[in-house]
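Report on the structure given below.
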Amino acid sequence: MIIETASLMGFGKIHRKTIYFGDGLHVVYGENEAGKTTLKTFLVAMLFGLEKKRGQAAKNDEFHKYLPFMGGIYGGSIEFTYKNHMYQVQRNFSENQDVTVFDRESGRRVSENTELSGNLFSMTREGYLQTLCVSQGEIMAGQELASMLRNYLANMSHSKTQDVDVEKAISYLRKEIRREKKNPAYEQKEELRQILDTKKDEEQQIAQLELERDMLEEQYPEEEPKTILWRIIDWIRGLFGFVRQEDLQKKEIDYQIEMIDLKLSQLYESQKKLIGQRKTFDRLKKQIKETESNILAMQRAMEIIKEASEEIHDAFGKEFEERVSTIMEEITDGTYTKVHIDDAMGIVAMKDGTLLDINYLSTGTVEQIYLAVRIAAAELMFPDEIFPVILDDIFGNFDHQRLQRVLNFLQKTNRQVILFTCRKDVLSILEESGCRYEKTVLNKEET
């Protein structure tokens, strides 16, 4: 891809301005606050859209940050050549999904309200910002790029395509494991276990109460045959409120039996419920066993993916390391000949036959390594899409010699390079080296 023109109708501080770019190395020079970062953000936004957040986060997002200072249309257009076709992209950021792509030569409308990424090209916004588009203070690649590389290598080894997202698969497995561990069956089983534990002695209680009841029934006083005379006497005693001893004893026994029957009734009812509770308990045990089997299976799947990733890195990562090492050797004039990178973006560089951890290298050398890592990553992950390199004032820690070597390398690359800088020595070095480049000057007064 070669970006040819950028026409800003209104974007941040820039109003109604058109910039023309060369197809090789193009330097956009300007003092601080001249609009260099604004122009860089516009180019990325025209290709991939503008970041727009919601709620409190919206106050600091790109959409609100680059609202036109002078009002009017929020957006513009760019023209670029991509795979032998010329395109013009028009956007109005005030309207969601308001993007139109034209075939520049025929004037035919190629697409409307459809993002370019995933349709016209496969390069993503994240992929571009993690590789070829580097802003001031952001040259050091982090875990995002490491994740992208791991995912790419895993996909290419398993499916020979980038369509399968291995990182998302691992994330999905982790989420599913957490969900399975929150299965309410665990809590329900524990509650039932406590209930069943309290009912273990109910059968013994029932047997004991039934025995006591039988013993009480045996204590009933025997009724001896009574003569007519004794029946009359008992009747007279009843009239005067006298109660026989045998009747008192019988009432006491009846009362005790009634209390036992009440307890037995409660225990019998509890035992009926217990049958259902035991069935539920057994069902929950089976369910939990299946859940734990699923968790083990998913954990094993994650282990297999991780093991495979390490094997993949050993096999496919060598190509990546070799390209980083080649770039690093060139931009350091052979001082660093080998760079080793693990799948967590841990870096070791070789100097004079000695391996040095990145933590023991100078800031300038570290930034050289990360620049090489980003370019090599783009070449590996997007081999058929030659996107421009966009660098926004990233050479703050580069001395004269380092800067000269990096600029020579960039000038020879097969990509368009758009270099934003406020350093005059960048222009001087390019002149001294005889590098072919084009230049745009941004002035505060014009933006």
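The values are calculated or read from the model by the stated rules, or taken from the named source; none is laboratory data. Keep in mind that this is a model prediction, so the values were computed, not measured. Note that we place each Cβ from the backbone using ideal geometry, even for glycine, and neighbour counts take in every protein chain shown. To get the accessible areas, we keep the full protein, side chains included, count just its heavy atoms, and leave off ligands, DNA and RNA. Shrake-Rupley method; radii C 1.70, N 1.55, O 1.52, S 1.80 Å.
Among (1) outside any loop (DSSP other than H, G, I, E, B); (2) over 21 Å from Tyr437 (Cα atoms); (3) open to solvent by 30 Å² or more (accessible area, probe 1.4 Å); (4) not polar (S, T, N, Q), which single condition is Phe63 missing?
For Phe63, the exception is condition (3).
Quick one: what pairs do we get from region 28-39, first residue open to solvent by 10 Å² or more (accessible area, probe 1.4 Å), second among the basic types (Lys, Arg), C-beta under 8 Å, 6+ apart or different chains?
Close Cβ pairs satisfying both conditions: Tyr29/Lys424; Tyr29/Lys439; Glu31/Lys444; Glu33/Lys444; Thr38/Lys13.
Under the condition of being acidic (Asp, Glu) and open to solvent by 70 Å² or more (accessible area, probe 1.4 Å), which residue from region 394-447 is modelled with the lowest pLDDT? Give the derivation first.
Within region 394-447, the first condition is being acidic (Asp, Glu), and the residues that meet it are 399, 425, 431-432, 438, 445-446.
Then keep just the ones that are open to solvent by 70 Å² or more (accessible area, probe 1.4 Å); that gives 399, 431-432, 438, 445-446.
Working: Asp399: 84, Glu431: 88, Glu432: 86, Glu438: 92, Glu445: 65, Glu446: 62.
The residue in question is Glu446.
Answer with yes or no whether Phe42 is within 30 Å of Val426 (Cα to Cα), among the aromatic types (Phe, Trp, Tyr) and open to solvent by 10 Å² or more (accessible area, probe 1.4 Å).
Numbers: within 30 Å of Val426 (Cα to Cα): yes; among the aromatic types (Phe, Trp, Tyr): yes; open to solvent by 10 Å² or more (accessible area, probe 1.4 Å): no.
Against the criterion (within 30 Å of Val426 (Cα to Cα), among the aromatic types (Phe, Trp, Tyr) and open to solvent by 10 Å² or more (accessible area, probe 1.4 Å)), Phe42 does not qualify.
Go through region 348-379 and report how many residues are in a helix (DSSP H, G or I) and over 18 Å from Lys83 (Cα atoms).
Start the filter on region 348-379 by keeping residues that are in a helix (DSSP H, G or I), which leaves 358-360, 363-379.
From what's left, over 18 Å from Lys83 (Cα atoms): 358-360, 363-377.
Going through region 348-379 one residue at a time, the tally reaches 18.
Need pairs with beta-carbon distance below 8 Å; first residue without any contact (Cβ under 8 Å) to a residue 40 or more places away in the chain and within region 340-364, second assigned to a loop (DSSP other than H, G, I, E, B) and charged (D, E, K, R); sequence gap 6+ or separate chains.
Note: pairs meeting the criteria are Gly364/Asp399.
Would you please name the residue that is nearest to Lys13 (Cα to Cα), looking only at residues in region 52-91 that are over 31 Å from the mean Cα position of the chain (by Cα) and small (Gly, Ala, Ser)?
Here the answer is Gly71.
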